[in-house]
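Down below is the structure, laid out as structure tokens.
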Amino acid sequence: MRLSIITSAALAAALLASPALAASGTVKILGTAQGSPVTGTLKMTDGPKGLSVVGDVNGLTPGLHGFHVHEFGDCSDSGKAAGSHYNPANKPHGNALKDGQEHAHAGDMGNVEANSQGVAHVNVTIPGMALAGGKMNAAGRAVIVHEKADDFGQPVGNAGGRVGCGLVVVTGN
Ligand code: CU
Ligand code: ZN
């Protein structure tokens, strides 16, 4: 009994100290179509300005591809099971990276651009977003890479089908 009290106190101290450590997660992007060459790995890290998303997506057609956090962590049905753009504040579609959360769905990351080799380098921060907890959070949701460019038209940017999809998984604190 006494031991468990000491252990609880140590755990509480560790938890109090933990906000200094960033929460981190990963997203393994896979093609939604059978035989798709699309793959990717993204690392997500909580930071003072929001959620940092860094990594590569491979196997894309060269050019722009809409890139969003969608509401549900389910990539089935050609990615459609991921639902719509994550939009907890009920805003119109936009670009949260450029124009802020007041003017976009929380998960609106605009586009990634694949080079002639089909590789898109990603290095963005979603303002105000956390990995887990808070009003806007990505954990347990899905990142979608679209067939076409997000042109920022309403309601969801005309980016077409969902060629890549990955679940946001928490890996560390
Ligand atoms: Cu999308
Ligand atoms: Zn949107």
### Query
Around residue 162, which amide H atoms from residues at least 5 apart in sequence, or from another chain, sit under 5 Å from its own amide H, with H modelled in the peptide plane?
147
### Query
So what's the back-of-envelope 222 nm ellipticity for the chain, counting only DSSP H runs of four-plus at -39500 (n - 2.57) apiece and dividing by all residues, rounded to 500?
-3500 deg cm²/dmol
### Task
Sequence neighbours fewer than 8 away in the same chain don't count; with that in mind, list the lysines whose C-alpha is under 25 Å from residue 135.
28, 43, 49, 80, 91, 98
### Task
Summarise the long-distance tail of P(r) for the chain by giving the % of C-alpha pairs beyond 18 Å.
59 percent
### Message
Could you give each residue of segment 119-135 its phi-based ³J(HN,Hα) in whole Hz, using Karplus coefficients 6.51, -1.76, 1.60 with θ = phi - 60°, and x for Gly or Pro?
### Response
9, 10, 8, 10, 7, 9, 10, 7, x, x, 8, 10, 5, 9, x, x, 6
### Query
How do 26, 61 line up, fewest other C-beta atoms within 10 Å first?
61, 26
### Residues 152, 72, 67 arranged by fewest to most Cβ contacts within 10 Å
72, 152, 67
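Coordinate-derived values only; no laboratory data. None of the values given here were measured: they were computed from a predicted structure. Here the Cβ is made from the backbone with ideal geometry for all residues, glycine too, and neighbour counts use every protein chain on show.
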